[in-house]
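Presented below is the structure to which this report refers.
The values are calculated or read from the model by the stated rules, or taken from the named source; none is laboratory data. On a predicted model such as this, the values are computed, not experimentally measured, just so you know. A quick note on method: Cβ atoms are made from the backbone with ideal geometry, for glycine too, and the neighbour counts reach across all protein chains shown. With ligands, DNA and RNA removed, areas are computed over all heavy atoms of the protein, side chains included. Shrake-Rupley method; radii C 1.70, N 1.55, O 1.52, S 1.80 Å.
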Amino acid sequence: MSTTTIEAPAAPKATTLAQALNTALRDSLRADPSVHVLGEDVGALGGVFRITDGLAAEFGADRCLDTPLAEAGILGTAVGMAMYGLRPVVEMQFDAFAYPAFEQLVSHVSRMRNRTAGRMPLPITIRIPYGGGIGGVEHHSDSSEAYYAHTPGLHVVAPGSVADAYGLLRAAIASDDPVVFLEPKRLYWSKADWSPETAVPPLGRAAVVRTAPPGPSATLITYGPSLPVCLEAAEAARAEGWELSVVDLRSLVPFDDETVCAAVRASGRALVVHEAAGFGGVGAEIAARISERCFHHLAAPVLRVTGFDIPYPPPMLERHHLPSVDRILDAVARLQWEQ
């Protein structure tokens, strides 16, 4: 008589966002032989931030491939790999390093499915460490999500938690659509109790991560590296008598109008927070969508707290550039509260 052993789910343990991403890549490589990882220094070094640490040793250099320093060539190679049935996962070392590959992304990656009337999807995941807060110089701290979100044919994802880092990356790699996966580098070493069995919403769904109790309230809408700042601001706001809910977008494209609008209608006030420059940023699109869909529920204009409309500043000045708790609370105070 044979017996079957059922393994118990792994108990949650303190895990960094970087470790969750590494686990997602490892589990995807194990689950699907068509998954390949490629990029600069992703092999023996394990990537600049060690997100691919140990993958080359486990899966070999043909599935975790070091490439030349040529971002356009890296992504162009990934296009060919995807056309022949593979699922490449590309790492761009830093946000602004991806700009040389932008022509490949816009002209081919985003258009191939439409160009072939749906017959040739390109299941490519482009991992991009992005955002500031690490004391990096220019070309190492850009928030370039608006470029990608404005490009039809791309999905754009920006996790802000350990659980989402794992769950969204697994979903991105499994998707038949190309996904730009923006990793908030200053959260790489943030920790949370987590196990791979933790359930997360699918791509394209936002999450209300803090619900305000009844009373004078507003809704903070954010994603990626600004999520912990908004949660901290929501706690600090209680001293002022304000109750703030927080919506984590998780996916910029597809955009979850349903969850965002429901949260805004409940509070009547909305504040969008992101690191990227304000003019032409993702926050402007979000504010427009809220105004179009929630106008009769709004007690005040939709406001934004963003980075300033300047090139990314030197490390000693970046704390003034990035959204902070004080800047968020100042904006909440401007939401025309009734006396």
Exercise for review: Note down all Cβ pairs under 6 Å where the first residue falls in segment 20-44 and is free of Cβ contacts under 8 Å to residues at least 40 places away in the same chain and farther than 16 Å from residue 167 by Cβ, the second is open to solvent by 10 Å² or more (accessible area, probe 1.4 Å) and assigned to a strand (DSSP E or B), and they're at least six residues apart or on different chains.
Suggested key: 43/66
Check your understanding: Looking at residue 28, is it out of contact with any helix residue (DSSP H, G or I) (no Cβ under 8 Å at 6 or more places or on another chain) and either open to solvent by 40 Å² or more (accessible area, probe 1.4 Å) or modelled with pLDDT of 95 or more (or both)?
Key -> no
Check your understanding: Among the residues of segment 226-238, how many are touching a strand residue (DSSP E or B) at 6+ places or on another chain (Cβ under 8 Å) and over 22 Å from residue 289 (Cα atoms)?
Key -> 5
Revision key, fill the gap. When residue 184 is run through (1) under 17 Å from the mean Cα position of the chain (by Cα); (2) open to solvent by 10 Å² or more (accessible area, probe 1.4 Å); (3) closer than 20 Å to residue 52 by Cα, the failure sits at (2)
Review point. Taking residue 244, is it in contact with a helix residue (DSSP H, G or I) (Cβ under 6 Å, 6 or more places away or on another chain) and either at pLDDT 95 or above or under 12 Å from residue 159 (Cβ atoms) (or both)?
Key: yes
Revision key, fill the gap. Apart from one, (1) under 27 Å from residue 233 (Cβ atoms); (2) assigned to a loop (DSSP other than H, G, I, E, B) all hold for residue 208; the odd one out is (2)
Check your understanding: Within segment 223-274, restricting attention to residues that are within 18 Å of residue 205 (Cα to Cα), more than 15 Å from the chain's Cα centre (by Cα) and small (Gly, Ala, Ser), which residue is most open to solvent (accessible area, probe 1.4 Å)?
Key -> 262
